Amino acid sequence: MRLASLNQGRDGMLVVVSQDHKTMALAGHIAPTLQAALDDWERISPRLETLSQQLDAGSVQAYPFDEAACASPLPRAYQWADGSAYVNHVELVRKARGAEIPASFWEDPLMYQGGSDSFLGPRQDIEMADDAWGIDFEAEVAIVTGDVPMGVSVDEAGSYIRLIMLVNDVSLRNLIPAELGKGFGFLQSKPSSAFSPLALTPDELGDAWRDGKVHLPLLSFLNNSPFGKPDAGVDMTFNFPKLIAHAAKSRPLVAGTIIGSGTVSNKLDDGPGKPIADGGVGYSCIAELRMIEKIQTGEMITPFMTFGDNIRIEMIDDKGLNLFGTIAQTVRNYQGS
């Protein structure tokens, strides 16, 4: 089942999208918003699945589907928690500043709680007041949960995964050091994230969804040039059930909680990856390339994003289908409301 939210109102208007992504059926008579569907998933999801089947069979009224008309599937959410499941990424960042990675990082996930009140749409500009803040993209996979009980086990946690999406977790790299130096976590350095137009139930991924991971390359194009194509199922130290169990250790998670994978990152021959142009799979953020540049040359060469730069993020299955649709954003100078 493929769900999307048209950009209407604060919480969007729920639609079901056809298998070829060309048409959609309005789902307001079943649930007005995706959050409403998640709140009553056991009752609502079978009705949405029936509508999806009718749409693909051509037996229900269909309308053209336009990704540009979409908000993020959840335009705002009760919770957005982003993990760092690819410890290779964390290791590189620390190595570049001469710090060893603690052994616990390989056993217990890192996770931060992000702002979830104002997600960007998948085609919405990234507006920033100053491009000296070190604007970076982070291409990730994310899941949406149902109601998760506190203390859920890793073995049970996967049963609470309702939907899968892609995300651009925008980061302001030059604001991070001072903010983390205060010892109280991210806030200003983590502005609004953007999610893919489509949210898919795990069965839509077929064999690509296994072991609580998505086993497909995550594609990033910076200023229309290939930047990254790491496999999201490779080098993922902590799968999504592990991330869910971590988040729910001391509290329940409500339906509609979004949990991100962190920046998708692959090693190469047990060492740092290489740019696509050099035969590697590239990177899912600029910071990782800059860290490798520093390790190898002593200085960071590649600049962060500036006004006018654009980023595109998508995932293509083995049949050539753009599974989640495209996140395509341009960095703009914020001029005030």
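Structure notes:
- Count of residues meeting criterion [within 25 Å of ASP203 (Cα to Cα), open to solvent by less than 60 Å² (accessible area, probe 1.4 Å) and more than 17 Å from the chain's Cα centre (by Cα)] in region 318-337: 2
- Residue tally, condition in a helix (DSSP H, G or I) and under 20 Å from PRO109 (Cβ atoms), over region 225-284: 8
- Residue selection: ILE313 fails the criterion of being touching a residue at least 24 places away in the same chain (Cβ under 8 Å), open to solvent by less than 20 Å² (accessible area, probe 1.4 Å) and over 30 Å from LEU198 (Cα atoms).
- Matching residues in region 177-208 - criterion: being surrounded by 16 or more Cβ atoms within 10 Å (Cβ to Cβ) and outside any loop (DSSP other than H, G, I, E, B): GLU179, ALA194, PHE195, ALA199, LEU200, PRO202, GLU204, LEU205, ALA208
- Residue count for region 202-221 under the criterion of being touching a strand residue (DSSP E or B) at 6+ places or on another chain (Cβ under 6 Å) and either of a type outside the set (A, V, I, L, M) or within 27 Å of GLY308 (Cβ to Cβ) (or both): the result is 6.
- Some residue of region 209-232 being open to solvent by 10 Å² or more (accessible area, probe 1.4 Å), at pLDDT 95 or above and under 23 Å from LEU48 (Cα atoms): yes
- Residue in region 25-42 that is in a helix (DSSP H, G or I) and open to solvent by 70 Å² or more (accessible area, probe 1.4 Å) present: yes
- Count of region 128-149 residues which are more than 30 Å from THR302 (Cα to Cα) and either open to solvent by less than 10 Å² (accessible area, probe 1.4 Å) or in contact with a Cys (Cβ under 8 Å, 6 or more places away or on another chain) (or both): 5
The values are calculated or read from the model by the stated rules, or taken from the named source; none is laboratory data. Bear in mind that the values here come from a model prediction, so they are computed numbers and not experimental data. Backbone-built Cβ (ideal geometry, glycine too); neighbour counts: all protein chains shown. These area figures cover heavy atoms from the full protein model, side chains too; ligands, DNA and RNA do not enter into them. Shrake-Rupley method; radii C 1.70, N 1.55, O 1.52, S 1.80 Å.
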